[in-house]
Amino acid sequence: MTDTKEVDRVIATPAAVELIDKLRAEHGAVLFHQSGGCCDGSAPMMFPQSEFMVGSSDVKLGEIASVPFYMSESQFEYWQHTQLIIDAVPGNGGMFSLERPSGLRFLTRSRIFEDDENAWLQTHPVERVKN
């Protein structure tokens, strides 16, 4: 892999992109956050940008379908060697997540980065949130 090929830390399946586009059309500017807490917090949750304050203990992993994706820094320590793959599957989303009434929920899958991808990522750290 050359240094010019970007490695995405987070990507989305076509089903997730379809749901993201639908929710963004309905709610306007949105964001994802995955805290790593128990229960709902361990799932990727979508919020209106105007209603969720990203904190200084969060990192921005990237964007999926033009929507920023944040994760708590402590959770990122566990996931940093994996590419997150956000999917949409039947079920109930997190209690406060925008997809809850849709009958679908966002789900995080992952795969471990290959050595050359890890090498690229070492030289391109995540964006730390500044408040």
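Read-outs: derived from the displayed coordinates by stated rules, not from any lab. In this text the structure is predicted, and so the values were computed from the model without any measurement. Heads up, the Cβs are rebuilt from the backbone with ideal geometry, glycines too, and the neighbour counts pull from every protein chain shown.
Given a Förster distance of 25 Å, report the FRET efficiency between Val89 and Gln49 from their Cβ-Cβ distance, rounded to the nearest 0.05. So, using R0 = 25 Å, E works out to roughly 0.55. How about the range 28-131: which trypsin sites (Lys or Arg not before Pro) there lie in a loop by DSSP and see at most 15 other Cβ atoms within 10 Å? When the trypsin sites (Lys or Arg not before Pro) of the range 28-131 are filtered for loop state and at most 15 Cβ neighbours within 10 Å, Lys130 remain. GNM remark for the chain: springs join alpha carbons under 10 Å apart, and the peak mean-square fluctuation among Asp58, Asp116, Asp87 falls on Asp116. Neighbours of Val10 by Cβ distance under 14 Å: Lys/Arg scored +1, Asp/Glu scored -1, total -3. Here the simple spin-label model places points 7 Å from the Cα toward Cβ, and for Ala15 and Glu63 these points are separated by 2.6 nm. Hey, rough spin-label estimate for Glu6 and Arg109, points 7 angstrom out along Cα→Cβ, what's it come to in nanometres? Reported label-point gap for Glu6 and Arg109 is 2.3 nm.
Taking a Cβ cut-off of under 15 Å around Glu77, the surrounding Lys, Arg, Asp and Glu residues balance to a net charge of 0, with basic ones at +1 and acidic ones at -1.
Its Cα gyration tensor gives the chain an equivalent ellipsoid; the semi-axes, largest first and in whole Å, are 24, 16, 14. Helical runs (DSSP H, four residues minimum) scored at -39500 (n - 2.57) apiece and divided by the length of the chain put the mean residue ellipticity at 222 nm at -6500 deg cm²/dmol. Axis of helix 14-27 versus longest Cα principal axis of the chain: the two differ by about 50°, to the nearest ten degrees.
Between Tyr78 and Lys22, the FRET efficiency estimated from the beta carbon spacing at R0 = 22 angstrom works out to 0.15.
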